[in-house]
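Only one structure is covered here, and it is reproduced in the block below.
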Amino acid sequence: MAYAHNNIFALILAGKIPNKTVYEDEHILAFNDIAPKMPVHVLVIPKGKYIDLDDFTANATSEEIGYFFERVGYIARDLGAHDTGYRLVSNNGENAGQIVPHFHVHIMGGRKIKEGSMAKGL
Ligand code: 5GP
């Protein structure tokens, strides 16, 4: 499957759709989810064109991958999510509920997650 250049997150990165940015640098953008399921619900995306976690871990450099996850930890701490506990989610493919085909992780926290709940029904 080829990267879809007109996906929503590509349009956000191109500045064509507004977003509520919580962190940005040369390689990464983090912004509030438009339909938050938790008090903290932030999406973190690389600026590189990767479809999903599989594409990212197979085709990005170890440096890119390491930097991305180091920044995810930093962003979660900066948001205070580490203090309350948080769940990190990455949906891979339609069957897993991935809607936007640009690799992203969800940082979801700010309250207790119901025991046994899956990401889509927190
Ligand atoms: P997925 O199911 O692909 O892992 O998650 C995609 C997420 O992107 C969903 O939680 C959805 O609410 C969010 N989303 C979809 N469109 C937009 C948008 O235009 N702006 C923002 N900020 N989030 C979006």
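Read phi for every residue in the range 30-45 and hand back ³J(HN,Hα) as whole Hz from Karplus 6.51 cos²θ - 1.76 cosθ + 1.60, θ = phi - 60°, with x for Gly and Pro.
Going residue by residue, I get 10, 8, 5, 5, 5, 10, x, 9, 9, x, 10, 9, 10, 9, 10, 10 Hz, with x marking Gly and Pro.
Give the lysines reachable from Lys47 as a straight Cα distance under 28 Å; neighbours fewer than 8 places away on the same chain don't count.
Straight-distance partners of Lys47: Lys16, Lys20, Lys37, Lys120.
Measuring from the lowest to the highest alpha carbon on each principal axis, how far does the range 10-122 reach, largest first, in angstroms?
35, 31, 30
Let me know the Kirkwood hydrodynamic radius for the range 59-122, please, with Cα pairs as the basis and the value in Å to one decimal.
Kirkwood hydrodynamic radius for the range 59-122: 13.2 Å.
In percent, how large is the relative contact order of the chain, given Cα pairs closer than 8 Å and 6 or more residues apart?
In percent, rounded to a whole number, it is 30.
How far is helix 62-78 tilted off the main Cα axis of the chain, in degrees rounded to 10, range 0 to 90?
30
Values quoted throughout were computed directly from the atomic coordinates according to the rules given, and no laboratory measurement underlies them. Quick caveat, the model's predicted, so the values are computed rather than measured.
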